[in-house]
Amino acid sequence: MVKNFWISLQIRPVGDLCNIDCNYCIYGKANQVTRMSDEVLYIITKKVLEHNRDGALFNWHGGEPTLAGFEFYQKAISYQNYFNKAGCIILNQIQTNAISITSELSKFFKENSFGIGVSLDGPDFLHNSSRPGKAGQNTYEMTLRGLEILRLYGNNPSVIATVSKKSLPYAKETFKHLVRLGFTHIHFSVVFESK
């Protein structure tokens, strides 16, 4: 048997559904709420953990995964605990725009040691131009409110800033801005633009 065998899953519990309208998004423009069923969540968790002795990483992604709701993540952790008969290490990570973060979710993420990544593309003028809301509204302040709620409960999220042709000239300014916001783990995701 292989030692230190880890399974890593990227799970999109709401598919393409998102509460903003990023202009570089590779997913569709889903508007209908479709959440992964409890049955599918149960089966995925069971299959991953029933034969795993070392570790499993559940990476919750989207669309916007917080739209699955608090109860969904309660069930996810409940299933993980139930099926972890071998006592393997389980990690949960979530990538979020932080707009739908509530105190309830933030506290839950902290209590269950979720790794959290916040999507924030730099200063407000860059972020708002690339990550507008569904009605075209600015989302920078909404993201900062979510970030504040995450930190209020002791979470220390990392940040992912998407770099595009438009934002590349502001790379240094973006980095300094993210450091000023208190991020200690800064990731950049470069978008390939064919035009």
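Of note:
- Selection status of SER100, under 17 Å from CYS18 (Cα atoms) and either surrounded by fewer than 16 Cβ atoms within 10 Å (Cβ to Cβ) or within 14 Å of the chain's Cα centre (by Cα) (or both): yes
- Failed condition for ASN92, given (1) touching a helix residue (DSSP H, G or I) at 6+ places or on another chain (Cβ under 7 Å); (2) polar (S, T, N, Q); (3) buried (at least 17 other Cβ atoms within 10 Å of the Cβ): (1)
- Residues of the stretch 138-152 that turn out to be over 17 Å from the mean Cα position of the chain (by Cα) and either assigned to a loop (DSSP other than H, G, I, E, B) or among the polar types (S, T, N, Q) (or both), as a count: 1
- Cβ-Cβ contacts under 7 Å between residues 6 or more apart (or on different chains), taken from a first residue in the stretch 130-149 that is of a type outside the set (Ser, Thr, Tyr) to a second residue that is part of a helix (DSSP H, G or I), are listed as ASN138/ASN128; ILE149/SER103; ILE149/SER106.
- If you filter the stretch 105-132 down to residues that are of a type outside the set (D, E, K, R) and in a loop (DSSP other than H, G, I, E, B), you find that the one that is surrounded by the most Cβ atoms within 10 Å (Cβ to Cβ) is LEU120.
- In the stretch 154-195, residue modelled with the lowest pLDDT [restricted to those that are touching an Asp or Glu at 6+ places or on another chain (Cβ under 8 Å) and of a type in the set (Ser, Thr, Tyr)]: SER164
The values are calculated or read from the model by the stated rules, or taken from the named source; none is laboratory data. Note that the coordinates shown come from a computational prediction; the quantities given were computed from them, not determined experimentally. Quick reminder, even Gly has a Cβ in these numbers, built from the backbone with ideal geometry, and neighbours come from all protein chains shown.
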